[in-house]
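Asker: There's a structure below that I have some questions on.
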């Protein structure tokens, strides 16, 4: 058997079917395009996530915190230099910083109703654009294989698209296979958020995980 035939058989063994998911398949009601969250709500939801993800560990010392002597550097008059009262001055090298950043934790909040509305609107947009796909997917072995899953994506027409792949947290073999593919963003079913799900052009989940996908999107209603 030639190398090309082996590759083709491997891809066929990985992806046996690709189907477009409809609203009826996942048990949601198709809404009109005018119904849903506003742009303001979407922007607020993203801003809350990005702000809360910041660690807030950046900081600098003021003139009261730097480890320098408080003695007057030199006498007030007769030196020809500008008068100075302390080496901790922000004008001096090694002195404190004026109005510098300080360590802080700033938390923003958004209502649960608004967050669900934004997630539901993104879901409806993907359904209308037919950008939710279900793959009949099985790896030929129990070991991660990036080259095989990339060929599978290419055969499904997803090699040049931003793909959001939904996986259960325990499926480490499939996760490891897709982890190094740059156009694939992996999200666990128990960790969806507005920022990550909005970045993907196409949502993909495995057919064996269809119940988990239905449970996830059902929580947004």
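Asker: Helix 146-155 versus the longest principal axis of the chain: what is the Cα-based angle in degrees, 0 to 90, to the nearest 10?
Answerer: Once rounded, one gets 60 degrees.
Asker: What distance in nm lies between label points placed 7 Å from Cα along the C-beta direction at residue 190 and residue 161?
Answerer: Spacing of the two 7 Å Cα→Cβ label points: 2.9 nm.
Asker: Nearest-5 percent of antiparallel DSSP beta bridges in the chain? Don't skip to the end; give the middle numbers.
Answerer: Details: 5 of 18 bridges.
That works out to approximately 30 percent antiparallel.
Asker: For residue 112 and residue 136, FRET efficiency with R0 = 30 Å and r from the beta-carbon atoms, rounded to 0.05?
Answerer: Working: r = 35 Å, r/R0 = 1.16.
That pair, residue 136 with residue 112, gives E of 0.30.
Asker: Further question: How many nm is it between the label spots at residue 55 and residue 201, if each spot is 7 Å from the Cα in line with the beta carbon?
Answerer: In this crude label model, residue 55 to residue 201 measures out at 3.4 nm.
Asker: Also, quick follow-up: Sort 55-65, 198-208, 20-30, 103-113 by packing, meaning the average of other beta carbons within 10 Å per residue, with the highest value first. Before the final figure, lay out the partial values.
Answerer: Numbers: 55-65: 11.9, 198-208: 18.5, 20-30: 13.8, 103-113: 9.8.
In descending order of packing, they fall as 198-208, 20-30, 55-65, 103-113.
Asker: Against the longest alpha carbon principal axis of the chain, how many degrees, from 0 to 90 and to the nearest 10, is the axis of helix 112-128 turned?
Answerer: Result, in degrees: 40.
Asker: Turning to a different aspect of this structure: For the chain, what's the relative contact order in percent, using C-alpha pairs closer than 8 Å and at least 6 residues apart?
Answerer: Value for the chain: 27 percent.
Asker: Can you classify the range 167-221 as rounded, prolate or oblate using the Cα gyration tensor, where a ≥ b ≥ c are the square roots of its eigenvalues, rounded means a/c under 1.5, and otherwise it's prolate if a/b beats b/c and oblate if not?
Answerer: Here the range 167-221 falls in the oblate category.
Asker: Here's another thing I want to ask about it. Just to check, using Stokes-Einstein with a Kirkwood Rh over alpha carbon pairs, what's the diffusion coefficient of the range 57-105 at 10 °C and 1.306 mPa s in µm²/s? Provide the component values of the computation, followed by the final result.
Answerer: Details: Rh = 12.1 Å.
Rounded to a whole number, D works out at 132 µm²/s.
Asker: Continuing with the same structure: May I ask you to compute the full-extension gain from residue 128 to residue 86, defined as 0.36 nm times their residue separation minus their alpha-carbon distance, rounded to one decimal in nm?
Answerer: Working: separation 42, 0.36 × 42 = 15.12 nm, distance 6.76 nm.
Gain on stretching residue 128 to residue 86: 8.4 nm.
Asker: Kindly give the semi-axes, whole Å and largest first, of the ellipsoid equivalent to the chain, taking each as the square root of 5 times a Cα gyration tensor eigenvalue.
Answerer: Whole-Å semi-axes of the equivalent ellipsoid: 55, 25, 13.
Asker: When the Kirkwood radius is taken over all Cα pairs of the range 19-79, what Stokes-Einstein diffusion coefficient follows at 25 °C and 0.890 mPa s, in µm²/s?
Answerer: For these conditions, the coefficient is 131 µm²/s.
Asker: Sticking with this structure for a sec: Quick one: angle between helix 3-14 and the longest Cα principal axis of the chain, in degrees between 0 and 90, rounded to 10, please.
Answerer: With both axes taken from Cα atoms, the answer is about 90 degrees.
Asker: Could I ask something else about it? What full-extension length gain, to one decimal in nm, is calculated for residue 65 and residue 30 as 0.36 nm per residue of separation minus the Cα-Cα distance?
Answerer: 6.6 nm
Asker: How big is the gap, in Å, between the Cα center of the range 97-131 and the Cα center of the range 156-221?
Answerer: 19
Read the figures in this text as sums done on the coordinates, not as results from a lab. Keep in mind that what you see is a predicted model, and the values were worked out from it rather than measured. Cβ atoms come from the backbone with ideal geometry, glycine included; neighbour counts cover every protein chain shown.
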